[in-house]
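The values are calculated or read from the model by the stated rules, or taken from the named source; none is laboratory data. Keep in mind that what you see is a predicted model, and the values were worked out from it rather than measured. Ideal geometry is used to build each Cβ from the backbone, glycine not excepted, and the neighbour counts take in all protein chains shown.
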Amino acid sequence: MAAPLTLLLVVSVTVRAVLFRSGLAALVADRVEVVSPLNAWKRVVEGLALLDLGISPYSGDVFHETPLTIYLFHFVVDYAEITFILADVITAVALYLAAKDYNKQVFRKQKYALEAERYALDCLELIRSPGQMHYIPLKVAMFYLLNPFTILSCVAKSTCGLHNTIIALYILATIKGSALLSAIFLALATYQSIYPLTLFAPALLYLLQRQYIPVNVYRWGFWAFLLQYAFMFLGSLVVLVGLSFFLLGSWDFLPSVYGFILSVPDLTPNIGLFWYFFAEMFQHFRLFFLCVFQINVFFYTIPLSIKLQDHPVFLIFMQIAVVSIFKSYPTVGDISLYLSFLPLWNHLYRFLRNIFLVSCVMLACSALFPVLWHLWIYAGSANSNFYYAITLLFNVAQILLVSDYFYAYLRREHHLIHGLYLKRPDGSEATLVLK
């Protein structure tokens, strides 16, 4: 598998290097679908200029990245293109290794369940063979590296690519069973954008199961490990925030980064749900709906964790997807991360209900984004309602995609236990309804 992966990396790096030298780089650098006020490269350059002048980059309302990010680019700004390409390569390799290790554990768990006769006799066609799983890690890396969303994000030099790298390393550390590295990378991801805090639950569940500690709130072992992991996570987060204060000499970054993410003052159009809603909002209702929208990102963590407590890797996929859809300033780079997981669930295709429709809608919306933007901003023959309508449809398609995979996963698990061909008491064929 090393040769195909190497070839994939060479092709992806070549594509990015060629596009960096083309006119596409300047074109996509301003696209609202690809960059946001949080991760636009032009804002990073502005922050670096202020830093070189001895002025705090957070003194204005331009720069909203974290202090560690700007100090990183302070040293590598001349090699920014290489940095972003390298970030995508590291992300793909981390996802490849994580998928490879996860497949081994799935096969081992499957083998034990068959030996213990936990699966129904007529569900053998649902069992995954090593041959079917062999190329999945390579497909995961390919889905990330050759995804047009990932390529556009890299060519635009969106710092979203760096965030994806951190989350990919968190996933790899978690699946490898390293609690310390998992907590450190999770703290780094949370430090960058708050929302990855929702990934605390799946990491905890996975590490508990890997160490054979029952997920039981009445067991001392559960609470001991929870406190240990929480201590490592919070300790790492405190160190990162403290280091940021040490570098900057002030706490100006707190309202400029985290306050900006939570309060959503910049209503520049994007592919998210916030901007149009709050542009039309009466000011005296703004705080209430702001809380509702922000809580919505975190709300699904508890019910999903309860339902998927035995399947924490799928829970990671669900949580990343939910954050990508409902965060305040999403871009296509966020979407590319959870889309790269789809080959990992290729055994669910037979249970998917809307995959063709959802795929067509997402492709159509992706093509219509620049068209409706041009009609609104340049031609003047449309208005913001047109652009927001296609944004809304795009997000509905994402929700349908994620919920369809959730349904398919639960249905397959039900069939594994109760049998593929369900019968009513009278012997007729039964219909499975999941509620």
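Determine whether residue 340 is of a type in the set (S, T, N, Q) and either on the phi > 0 side of the Ramachandran plot or surrounded by fewer than 17 Cβ atoms within 10 Å (Cβ to Cβ) (or both). Full working, then the answer.
Numbers: of a type in the set (S, T, N, Q): yes; either on the phi > 0 side of the Ramachandran plot or surrounded by fewer than 17 Cβ atoms within 10 Å (Cβ to Cβ) (or both): no.
Judged against the criteria, residue 340 is not a match.
Scan 62, 89, 35, 93 and give me the residue that is outside any helix (DSSP H, G or I), within 19 Å of the chain's Cα centre (by Cα) and either of a type in the set (A, V, I, L, M) or surrounded by fewer than 21 Cβ atoms within 10 Å (Cβ to Cβ) (or both).
On the way: 62 fails: within 19 Å of the chain's Cα centre (by Cα); 89 fails: outside any helix (DSSP H, G or I); 93 fails: outside any helix (DSSP H, G or I).
Result of the check over 62, 89, 35, 93: 35.
Is at least one residue of region 144-160 closer than 30 Å to residue 208 by Cβ and among the polar types (S, T, N, Q)? Spell out the reasoning first.
Of the residues in region 144-160, the ones closer than 30 Å to residue 208 by Cβ are 144.
The next check asks that each one be among the polar types (S, T, N, Q); those that pass are none.
Checking region 144-160: not a single residue is closer than 30 Å to residue 208 by Cβ and among the polar types (S, T, N, Q).
Would you mind finding the one in 26, 120, 87 that is aliphatic (A, V, I, L, M) and closer than 30 Å to residue 6 by Cβ?
Every option except 87 fails the conditions.
If the requirement is being within 22 Å of the chain's Cα centre (by Cα) and assigned to a helix (DSSP H, G or I), which of these qualifies: 73, 84? Show your work before the answer.
On the way: 73 fails: within 22 Å of the chain's Cα centre (by Cα).
When all the criteria are applied, what remains is 84.
Taking residue 350 as meeting all but one of (1) among the charged types (D, E, K, R); (2) in a helix (DSSP H, G or I); (3) farther than 27 Å from residue 141 by Cβ, write down the number of the exception.
(3)
Could you please tell me which pairs satisfy a Cβ distance under 8 Å, a separation of 6+ or placement on different chains, a first residue in region 169-181 that is more than 18 Å from residue 344 (Cα to Cα) and touching a residue at least 24 places away in the same chain (Cβ under 8 Å), and a second residue that is aliphatic (A, V, I, L, M) and in a helix (DSSP H, G or I)?
From residues that are more than 18 Å from residue 344 (Cα to Cα) and touching a residue at least 24 places away in the same chain (Cβ under 8 Å), the pairs are 177/207; 179/207; 179/232; 180/232.
Do you know which residues across region 130-147 are touching a residue at least 24 places away in the same chain (Cβ under 8 Å) and part of a helix (DSSP H, G or I)?
Residues satisfying the conditions are 132, 133, 136, 137, 138, 139, 140, 141, 142, 143, 144, 145.
Considering 381, 366, 359, which residue is surrounded by fewer than 23 Cβ atoms within 10 Å (Cβ to Cβ), in contact with a Leu (Cβ under 6 Å, 6 or more places away or on another chain) and among the small types (Gly, Ala, Ser)?
Working: 366 fails: in contact with a Leu (Cβ under 6 Å, 6 or more places away or on another chain); 359 fails: in contact with a Leu (Cβ under 6 Å, 6 or more places away or on another chain).
None of the others qualify; the one that does is 381.
To keep it simple, each residue is scored yes or no on (1) surrounded by 14 or more Cβ atoms within 10 Å (Cβ to Cβ); (2) more than 15 Å from residue 330 (Cα to Cα); (3) over 22 Å from the mean Cα position of the chain (by Cα).
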| residue | (1), (2), (3) |
| --- | --- |
| 236 | yes, yes, no |
| 244 | yes, yes, yes |
| 248 | yes, yes, yes |
| 256 | yes, yes, yes |
| 259 | no, yes, no |
| 270 | yes, no, no |
| 278 | yes, yes, yes |
| 283 | no, yes, yes |
| 287 | no, yes, yes |
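Residue by residue through region 28-83, note down the ones that are without any contact (Cβ under 8 Å) to a residue 12 or more places away in the chain and among the aromatic types (Phe, Trp, Tyr).
75, 79, listed by residue number.
Return yes or no: is residue 310 among the charged types (D, E, K, R) and not in a helix (DSSP H, G or I)? Can you show your working first?
Details: among the charged types (D, E, K, R): yes; not in a helix (DSSP H, G or I): yes.
Judged against the criteria, residue 310 is a match.
What pairs come out if I take residues in region 109-129 that are part of a loop (DSSP other than H, G, I, E, B) and pair them with residues that are at pLDDT below 80 whose C-beta lies under 8 Å away, six or more apart or interchain?
Within 8 Å, the pairs are 119/113; 120/418; 120/419; 120/420; 127/114; 127/119.
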